[in-house]
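The values are calculated or read from the model by the stated rules, or taken from the named source; none is laboratory data. Given the structure is predicted, the values throughout are model-derived calculations rather than measurements. Here the Cβ is made from the backbone with ideal geometry for all residues, glycine too, and neighbour counts use every protein chain on show.
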Amino acid sequence: MATKAIQNGFNPDFASPPGDTIEGELEVRKITPPELADRMGYPLNTINEIISGNKEITADMATQLELVFGIPAHFWLNRERRYREALARRADAVAITA
């Protein structure tokens, strides 16, 4: 039944990492990635990996993003979960058609 809902609903063929949203917030707030890294207490490399979608946002990171941007931690965790789910669906679709 869930598969049918996916077939009939919106099912984009792309996945946007939460880092896209982070980049947008950085731009609006005129904060650089090194400044974000400093505010969050993470190495710049970690921030860059999150922005590129290569590193998952953890609960701790989400709470730090909440402190910096004022956007609730649950938003960041949901955004991450949806992104990873989209990647998994795409990978499954490729595996099934291969």
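When G19 is tested against (1) surrounded by 15 or more Cβ atoms within 10 Å (Cβ to Cβ); (2) outside any helix (DSSP H, G or I); (3) modelled with pLDDT of 95 or more, exactly one condition is not met: (2). The residues of the stretch 36-56 that are closer than 13 Å to D20 by Cα and β-branched (V, I, T), listed by number, are I47, I50, I51. Output the residue which, of all residues in the stretch 22-41 that are among the hydrophobic types (A, V, I, L, M, F, W, C) and surrounded by 15 or more Cβ atoms within 10 Å (Cβ to Cβ), is nearest to F75 (Cα to Cα). So, considering only residues that are among the hydrophobic types (A, V, I, L, M, F, W, C) and surrounded by 15 or more Cβ atoms within 10 Å (Cβ to Cβ), the one nearest to F75 (Cα to Cα) is I22.
Inside the stretch 56-91, residues that are buried (at least 18 other Cβ atoms within 10 Å of the Cβ) and part of a loop (DSSP other than H, G, I, E, B) make up a count of 1.
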